[in-house]
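Note sheet for the following structure.
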Amino acid sequence: MFNSVDDLQAALSQQDYIAERGLAVAIFLALKTGKPLFLEGDAGVGKTEIAKVLAALLETDLIRMQCYEGLDINTAVYEWNYAGQILHLRLMEAEGLARDDMESELFSERFLLKRPLLQAIEKSKNGRAPVLLIDELDRSDEEFEAFLLELLSDFQISIPELGTVKAAVPPVVVVTSNRTREIHDALKRRCLYFWIDYPHFHKELEIVRRKAPDVPPMLARQITAFIQDMRSMELFKRPGVAETLDWTAALIALDRNELALETVQDTLGVILKYQDDVEMLDATTIQNMIERAKVEAQRV
């Protein structure tokens, strides 16, 4: 669909995703080469959104595999419907079927519960590959990470009872990590890598304008300047773009046209998610930040 990086960058912009040149190049190469795209960065910088936007651009399904500690093959790939198999077994015994016929009946696709990874492999058989999002891989165990090596290398999954299921058209794979732990080199080598950082002022301002077109222009500049200033502080968790947009929506709902001390104090919980961070921002600190934000907003 995209003949150049510029075409892709323009298409992303039409979907209200503002991507710098380096990220657009990484996505373009992932689409052209068929290699998975591995995205790292702090939470809330827009990694997951890329997969959603790609699914919309490619007019295909988005299949999301949310990772967590203890994730196993039964949850991620497939498992057998044991209750259905037992019930069917009793029916076959009552009908007097031979043992071999029973086994072929029980271990058929009829009783196979397909989880996200197997769904992504099978859906590609219709000629249009889905977008497979493996989200927050760093939250999973190393054993699950090792299992992904076969999938990301050959886009196939082995099911002992049925054989190997191979994708006719490899899915577009986006793997994300918040870097709470290091991902092994063996997996990274199978992917194209890109680090997504917090956006600079003008990029974040453009994101706010795109995602919240009703926000007053001066308030949008003040919000962006305030958040940028906040990220320079020694916080346990710096606010991401997601928090910027949530705060913008909150201030619009409160019918505010500019930042004020009381308003910021009342809505700090929208931006900051840890009490220690909230306590760092006393009234004097907040007021100074508001004044700097207003000066920056006037200057831009």
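Laid out as a table, the results:
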{"item": "Largest-first ordering by accessible area, 1.4 Å probe, given options H202, H184, H88", "result": "H202, H184, H88"}
{"item": "Gyration tensor (alpha-carbon) shape descriptor, segment 145-300, a/c threshold 1.5", "result": "prolate"}
{"item": "Among (1) 40; (2) 45; (3) 49, the entry that matches percent of Cα pairs over 29 Å apart as calculated here", "result": "(3)"}
{"item": "Paramagnetic reach from I159 (point 7 Å along Cα→Cβ, amide N under 18 Å) across segment 51-81", "result": "72-81"}
{"item": "For segment 7-108: relative contact order, % (alpha-carbon pairs under 8 angstrom, 6 or more apart)", "result": "16 percent"}
{"item": "Label point distance in nm, I252-R21, each placed 7 Å from Cα along Cα→Cβ", "result": "3.2 nm"}
{"item": "Most mobile listed residue (P36, P217, P116) in the chain, GNM with C-alpha springs under 10 Å", "result": "P217"}
{"item": "Added length on full extension, which subtracts the Cα-Cα distance from 0.36 nm per residue, A186 to E49", "result": "46.8 nm"}
{"item": "Cα gyration tensor category, rounded, prolate or oblate, for segment 177-254 with a/c compared to 1.5", "result": "prolate"}
{"item": "Q298 paired with S13, simple spin-label distance in nm, labels 7 Å along Cα-to-beta-carbon", "result": "3.2 nm"}
{"item": "Candidate residues W195, W247: accessible-area rank, largest first, probe 1.4 Å", "result": "W195, W247"}
{"item": "Convex hull (Cα only) mean projected area of segment 56-205, reported in nm² to one decimal", "result": "11.8 nm²"}
{"item": "Between segment 254-275 and segment 13-76, the alpha-carbon center distance in angstrom", "result": "31 Å"}
{"item": "Segment M92-D197, length gained on full extension (0.36 nm per residue, minus Cα span)", "result": "31.9 nm"}
{"item": "Net charge, F28 excluded, C-beta distance under 12 Å - Lys, Arg +1, Asp, Glu -1", "result": "+1"}
{"item": "Accessible surface ranking that places the most exposed of F236, F38, F147 first, with a 1.4 angstrom probe", "result": "F236, F147, F38"}
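The values are calculated or read from the model by the stated rules, or taken from the named source; none is laboratory data. The structure displayed is predicted, hence computed values, not measured ones. Glycine gets a Cβ as well: all are built from the backbone with ideal geometry, and neighbour counts include every protein chain shown. All accessible areas refer to the heavy atoms of the entire protein, side chains included, with ligands and DNA or RNA removed. Shrake-Rupley method; radii C 1.70, N 1.55, O 1.52, S 1.80 Å.
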